[in-house]
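Derivation of every value follows stated rules applied to the coordinates shown; laboratory data play no part. The structure displayed is predicted, hence computed values, not measured ones. Please note: Cβ atoms are built from the backbone with ideal geometry, for glycine as well, and neighbour counts cover all protein chains shown.
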Amino acid sequence: MATLLLIDDDEDLLPDQVAHVFPAPAHRVEVVHTGAEGLRRVADLRPDVILLDLLLPDQSGLEVLSRLRQIDARIPVILVTVARSTESAIEAMRKGAYDYLLKPLDLQKLNQVVGEAVKVAQLMLKQAVVGETPSVDDRTGEAIIGTCPAMQEVYKAIGRVADQSFPVLVTGESGTGKELVARAIYQHGLRSKAPFLALNCAAIPEALLESELFGHEKGSFTGADRRRIGKFEQVTGGTLLLDEIGDMPLSLQAKVLRLLQEQSFERVGGSETIRTDVRLIAATHRDLKAQADDGKFRLDLYYRLGVFTIHLPPLRDRGDDLALLVRFYTQRVSRELGREVREVSPETLERLRGYSWPGNLRELQSVLKQAILRSHGPVLLPDFLPMLSASLAAIDPAGERFDLEAFIRQRLAPDSRDLYKVTLRELDRILLPLVLDFTCGNQARAALLLGIARQTLRAKLRDLGLHVAHSLELDEDRDQVDLP
């Protein structure tokens, strides 16, 4: 349930509108009519989001905003104003407000902005628990789970950099939990009481990304009808996560590099130098060094970001961590869905171990949720699992061709082990489906083409999670593999 605090002297229209857009019991809306009442109430209520009118009967909304920031700078404050010039609202954004809306309110816009602010609040306030086996009853937030050597190094790395101010680069395949690690760095650091914002560089059109990060001046381009405060200015004093920074255009990378070097920038279309103090965490599933060698990423920015790198291992390389994760997520998802599943059968766990998990933790949670929705009884059985098959499209969630050299480079580290075995397994994930597709699923022909025994091929298929079925086609082997 999200809790909203509305500080506004309008006793009728605005409270009714907010209550209509955010009805109970999914939301709790409290209304106070003066700045003093709001400041008293926020200390006890600890709302997820605050809607604040700039024109209050007892004091200025800007004064209330400053006091709110002193109480807890992590609570997103959305300004509401009738002032069409919006100069005060823009000044509030410079002081750390989350956004501002104009009266009369566009209810669809209100729903969108408040919904986003609630998510931001949850990212800041819900703890990213770091531990080997956190309690499933812990409702405070997400958990980073694992005991394998690679995850132990991740925990140590979080501890080493949390209290520092230099940038951190978090790498790993899609779905490995990079944002969760970024939140753990933020929440265990010196800026944990300051704002935290996350921005996905791949999700924002190139033409808008610069304005989103650095802001723009009125009239700087078509449609720029007012000044906009960017994320680097808005989150000053706090932490900014730039997710999928490998997708940032080269032209914008130069401006980010300058900001890291000088902690200053200019808004789009402006000449005023803006000073800021932001701790930057970057995340990517790409090999930035390989991209830099190909001219797709600035080498100097890579070196600046990569002062300290935390690499998250893919799920398939985490050994017995899979069993820990399966049991933890099964219990958590079962509780969330109101189901009675408390255990995972050994056969189910064996089936899950045989799959390569191209989507990593995100895919594991999705599979378990589907299985629990199909389940009946306290034990999760293999029959409840959805079909697990290694699809060629799933090998790379970004839809790119597999880069073997980049894969090896990412794992060249002093603490790496079994690199030869891991690399051959990754090669098999691509080679075997291609060969079986070419032979229309005929394993005898596929084994002959590969130059290996059919028993060896079957063992590899089981290890990769490709399920063997029998075909009715005229085929000397008759064993077919399920391919997408």
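Charged side chains reduced to their Cβ positions (Lys and Arg at +1, Asp and Glu at -1) give segment 129-311 a dipole of some 500 debye around its Cα centre. Within the chain, helices built from complete DSSP H runs that reach 27 Å or longer along their own axis (Cα positions) and carry a mean Kyte-Doolittle hydropathy of 0.5 or higher are 419-438. Normalising the average separation of contacting C-alpha pairs (under 8 angstrom, six or more residues apart) by the number of residues puts the relative contact order of the chain at 11 percent. For segment 2-124, the Cβ-based charge dipole about the Cα centre amounts to some 540 debye (Lys, Arg positive; Asp, Glu negative; other atoms uncharged).
Treating r as the C-beta distance of Ser192 and Glu336 and R0 as 30 Å, the FRET efficiency rounds to 0.65. Could you please state, rounded to a whole Å, how far the C-alpha centre of segment 259-309 is from the C-alpha centre of segment 42-109? Comparing the Cα centres of segment 259-309 and segment 42-109, I get a distance of 31 Å.
Distance between the 7 Å Cα→Cβ label points at Asp106 and Arg258: 3.1 nm.
Between Leu349 and Leu431, the contour length at 0.36 nm per residue exceeds the Cα-Cα span by 26.9 nm. Listed cross-link partners Lys119/Lys193; Lys95/Lys231; Lys369/Lys460; Lys156/Lys289; Lys109/Lys193; Lys193/Lys231 are compared with a 19 Å cut-off, the Cα-Cα value being larger for Lys369/Lys460; Lys156/Lys289; Lys109/Lys193.
In a simple Cβ point-charge model (Lys, Arg +1; Asp, Glu -1; nothing else charged), the chain has a dipole of about 900 debye relative to its Cα centre. Just for segment 129-311, what percent of DSSP beta bridges are antiparallel, to the closest 5? Within segment 129-311, antiparallel bridges account for around 15 percent of the total.
With the simple model of a label 7 Å out from the Cα in the direction of the Cβ, Arg362 to Ser60 spans 4.4 nm. Of the residues Leu349, Ser334, Leu315, the one whose Cα sits farthest toward the positive end of the charge dipole of segment 315-386, with +1 on the Cβ of Lys and Arg and -1 on the Cβ of Asp and Glu, is Ser334. Suppose R0 equals 51 Å. What FRET efficiency, 1/(1 + (r/R0)^6) with r the Cβ-Cβ distance, do Ala36 and Ala203 give to the nearest 0.05? Computed FRET efficiency for Ala36 and Ala203: 0.80. Which of the three applies to segment 315-386, rounded, prolate or oblate, going by the alpha-carbon gyration tensor with a ≥ b ≥ c and a/c under 1.5 meaning rounded? Cα axes put segment 315-386 in the prolate bin. Amide H contacts under 5 Å for Glu142: Val129, restricted to partners 5 or more places along the chain or on a different chain, H placed in the peptide plane at 1.01 Å from N. Most simply put, segment 2-124 has about 5% antiparallel DSSP beta bridges, counting only bridges with both residues inside it. Highest mean first, the peptides 202-209, 299-306 sorted by other C-beta atoms within 10 Å per residue fall in the order 299-306, 202-209. Mean projection of the Cα convex hull over all viewing directions, computed for the chain: 26.2 nm². Over the residues of the chain, the helix contribution to mean residue ellipticity at 222 nm works out to -13000 deg cm²/dmol, using -39500 (n - 2.57) for each DSSP H run of at least 4. The GluC sites (Glu not before Pro) of segment 249-312 meeting both criteria, a DSSP state outside H, G, I, E and B (loop) and at most 10 other C-beta atoms within 10 angstrom of the site's C-beta, are Glu272. Computed packing ranks the peptides 108-119, 225-236, 16-27, 438-449 as 225-236, 438-449, 108-119, 16-27, most packed first, by mean other Cβ atoms within 10 Å. Remark on Val29: its backbone amide H falls under 5 Å from those of Leu4, a criterion applied only to residues 5 or more positions apart or on other chains, H modelled at 1.01 Å from N. Using the Cα gyration tensor of segment 48-94, with a ≥ b ≥ c the square roots of its eigenvalues, what is the shape: rounded (a/c below 1.5), prolate (a/b larger than b/c) or oblate (neither)? Because a/c hits 1.5 or more and a/b exceeds b/c, segment 48-94 counts as prolate. Judged by the ratio a/c of the largest to the smallest principal axis of the C-alpha gyration tensor, segment 2-124 counts as rounded, that ratio being less than 1.5. Over the Cα atoms of segment 129-311, the radius of gyration divided by the Kirkwood radius equals 0.99; this is the Rg/Rh ratio.
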